[in-house]
Amino acid sequence: MVMSSSQIVIFNDTHGWHSEQLVSALQKLNITAVLSDLADCTIDLDQPTGLVIPGFENTLPDAVIVRGIAPGSLEQITLRMDILHTLAELNVPVFNPATAIEHTVDKARTSLRLHLAGLNTPKTWSTENKSLARKIAQAQFEKGATLVIKPLFGCMGKGIEKITTLKQFDSIQAVGDAFYMQEYIEPFEQGHWQDWRLMVIDNKVCAAMSRRSQHWITNFAQGAECFPTTVSEEMEQLAIKATQAVQADYAGVDLIRNQGGSYTVLEVNSVPAWKGLFQATGINAATHLAQALARRITSSQLNSHDNAQY
């Protein structure tokens, strides 16, 4: 329980079911949530903190949770990240921090973080040089590999293509002229497409589900069916380490089992949805997220109290 009534902000460009669940879970912990959008925040050096957060005139929230960031130009996204970076620098708990979002919104950055952490993740190539990308694809096709081309920025399985020939490669217009290609992982059971979503919060898996589809894209938003599942210690540790690799406080980690039977990290989402997870398991991640936020607020208040006494 927080030391006193606290007020936080939930950032998203569209507020709906997820925000409602968070508001309800936070209220039970004596925390009031204000719904806002990072795009509505202002940098104003006439203010003591340099920031203006809607609903927090002349003050700052006790904590922040980022549920979503709208697409935008490089300049717009940079300004929104400036807000999150500055809030953290002002000792406001930010959940997830800008660094985690930067490590995961860009799929190439995620792949690099996972690789450098020594975690299993698909072979990946990323370049803005089309002729080089074509040569890479050709070399992989000659080895009998199948490739998956994804937008560098994207979610919910949109814009993903599976290719096996140069003709298919040549027909694809890479989003933003950036090529992000991964080796396609053949399913453990041929013709049965399945992956696992594990929700990690503060280094613990709070819920997990399997997603099964009649199609190789297994996102819930693309029509996959979700089922409750038990996960092995190997899967738990892989998901926790993947979350740590991108420096996230919480994340939705997608795992797939390859034909050899081992697991690999497909994706780490630092602003994960959990509606499908809730429908499959009955576990509402909002409760766990609210508790994690409460712990951060309490710690922040204790630190402020100790510093004031000192």
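The values are calculated or read from the model by the stated rules, or taken from the named source; none is laboratory data. Quick caveat, the model's predicted, so the values are computed rather than measured. Glycine gets a Cβ as well: all are built from the backbone with ideal geometry, and neighbour counts include every protein chain shown.
If you take just the strands (runs of 3 or more DSSP E) that sit entirely in segment 99-197, which of them hold at least 3 residues that are in contact with a helix residue (DSSP H, G or I) (Cβ under 7 Å, 6 or more places away or on another chain) and either farther than 24 Å from residue 277 by Cβ or modelled with pLDDT of 95 or more (or both)?
So the answer is 124-127, 179-183.
Looking for whichever is acidic (Asp, Glu), over 23 Å from residue 278 (Cβ atoms) and in contact (Cβ under 8 Å) with a residue 40 or more places away in the chain here; the options are 62, 46. Which one fits?
When all the criteria are applied, what remains is 62.
Starting from segment 103-120, take each residue that is within 12 Å of residue 266 (Cβ to Cβ) and free of Cβ contacts under 8 Å to residues at least 12 places away in the same chain and list its partners that are of a type outside the set (A, V, I, L, M, F, W, C) and assigned to a loop (DSSP other than H, G, I, E, B), counting only C-beta distances under 6 angstrom and pairs at least six apart or across chains.
From residues that are within 12 Å of residue 266 (Cβ to Cβ) and free of Cβ contacts under 8 Å to residues at least 12 places away in the same chain, there are no pairs.
Kindly provide the set of residues from segment 30-45 that are more than 25 Å from the chain's Cα centre (by Cα) and part of a loop (DSSP other than H, G, I, E, B), ordered by number.
30, 44, 45 - these are the residues of segment 30-45 that are more than 25 Å from the chain's Cα centre (by Cα) and part of a loop (DSSP other than H, G, I, E, B).
Within the bounds of segment 126-139, is there any residue that is surrounded by 15 or more Cβ atoms within 10 Å (Cβ to Cβ), closer than 26 Å to residue 237 by Cβ and in contact with a strand residue (DSSP E or B) (Cβ under 8 Å, 6 or more places away or on another chain)?
no
Consider residue 208 carefully, then state whether it is touching a strand residue (DSSP E or B) at 6+ places or on another chain (Cβ under 7 Å), touching a residue at least 24 places away in the same chain (Cβ under 8 Å) and surrounded by 15 or more Cβ atoms within 10 Å (Cβ to Cβ).
Answer is yes for this residue.
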